[in-house]
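Notes follow once the structure below has been shown.
The values are calculated or read from the model by the stated rules, or taken from the named source; none is laboratory data. Given the structure is predicted, the values throughout are model-derived calculations rather than measurements. Ideal geometry is used to build each Cβ from the backbone, glycine not excepted, and the neighbour counts take in all protein chains shown. Remember, those area values only see protein heavy atoms, side chains included, never the ligands or the DNA or RNA. Shrake-Rupley method; radii C 1.70, N 1.55, O 1.52, S 1.80 Å.
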Amino acid sequence: MSAPAALVGADWLTGPRIRRIALVFGLLGLLLLAADAWLHTSHGVTDGQGEQLGRDFVNYWAGAHLAAEGQGANVYDIDGFLHYQRTHTAPDAKFKWYGYPPVTLLLSLPLGAMAFIPALAFWFVAGWLACAALLARSLDWRMALLAGIATPASLMNALSGQNGQFSAALLAGG
């Protein structure tokens, strides 16, 4: 089976059309992030089932706070770490454990100086800008910023609170 000629030639895929598609995906992604934040923050920092805004981000945040308090080793005490998370975010938060190497505590230490919501915003924006900085080597800054937020991977990374954008920036920058 061969691909249709319109897909093979891709004459329809012009620069302006790509920018419009990226803008739509970027706006849609931001809208979905805003809806997710609204649904979560109507219950504090969790949804009705105890899942924190940014889901797994709570690991980085709680780990950074414990490290800033001089208790970095406690991130590997599963029960103690879960208790810390629940005490500082939501009493019914779902079980999460710190599965990262100790160097991650050092890298995420700036989060230890921030409350949960500002730290999550910082985490997302810093990862987005790290990716955009690398994309700006090949694109102008506006397109790099748009490309860094318009991808489904960026949206999933933001919703799940993962380090994917930092990992992508490190891999691409290396």
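Of the conditions (1) in contact (Cβ under 8 Å) with a residue 60 or more places away in the chain; (2) assigned to a loop (DSSP other than H, G, I, E, B); (3) among the aromatic types (Phe, Trp, Tyr), Tyr60 satisfies every one except a single condition; which number is it?
So the condition that Tyr60 fails would be (2).
Which one of Ala93, Ala147, Ala119 is more than 16 Å from the chain's Cα centre (by Cα) and on the phi < 0 side of the Ramachandran plot?
Answer to the check: Ala93.
Conditions: (1) surrounded by 19 or more Cβ atoms within 10 Å (Cβ to Cβ); (2) part of a helix (DSSP H, G or I); (3) not aromatic (Phe, Trp, Tyr). Gln162 meets all but one. Number of the miss?
Evaluating Gln162 over (1) surrounded by 19 or more Cβ atoms within 10 Å (Cβ to Cβ); (2) part of a helix (DSSP H, G or I); (3) not aromatic (Phe, Trp, Tyr) leaves (2) as the failure.
Pull out all pairs, ordered by first then second residue, where Cβ-Cβ is under 7 Å, the residues are six or more apart or on different chains, the first lies in region 16-37 and is at pLDDT below 85, and the second is among the small types (Gly, Ala, Ser) and in a helix (DSSP H, G or I).
Pairs found: Ala22/Ala147; Ala22/Ala150; Gly26/Ala150; Gly29/Ala150; Gly29/Ser154; Leu33/Ala158.
So for region 129-149 (the condition being farther than 24 Å from Gly174 by Cα and in a helix (DSSP H, G or I)), does at least one residue qualify?
no
Name every residue in region 77-130 that is open to solvent by 50 Å² or more (accessible area, probe 1.4 Å), among the aliphatic types (A, V, I, L, M) and without any contact (Cβ under 8 Å) to a residue 40 or more places away in the chain, in order of residue number.
Ile78, Val103, Leu106, Leu107, Ala115, Ala121, Val125, Leu129
Only residues that are of a type in the set (A, V, I, L, M) and either modelled with pLDDT of 95 or more or in contact with a strand residue (DSSP E or B) (Cβ under 8 Å, 6 or more places away or on another chain) (or both): list them for region 87-108, please.
Scanning region 87-108 gives Ala90, Ala93.
Answer with yes or no whether Gly72 is farther than 20 Å from Gly54 by Cβ, open to solvent by less than 30 Å² (accessible area, probe 1.4 Å) and among the small types (Gly, Ala, Ser).
Working: farther than 20 Å from Gly54 by Cβ: yes; open to solvent by less than 30 Å² (accessible area, probe 1.4 Å): yes; among the small types (Gly, Ala, Ser): yes.
Yes, satisfied.
Every residue, every condition in (1) more than 26 Å from Arg20 (Cα to Cα); (2) at pLDDT 90 or above, yes or no:
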| residue | (1), (2) |
| --- | --- |
| Gly127 | no, yes |
| Ala130 | no, yes |
| Arg137 | no, yes |
| Leu146 | no, no |
| Gln165 | no, yes |
| Gly174 | yes, no |
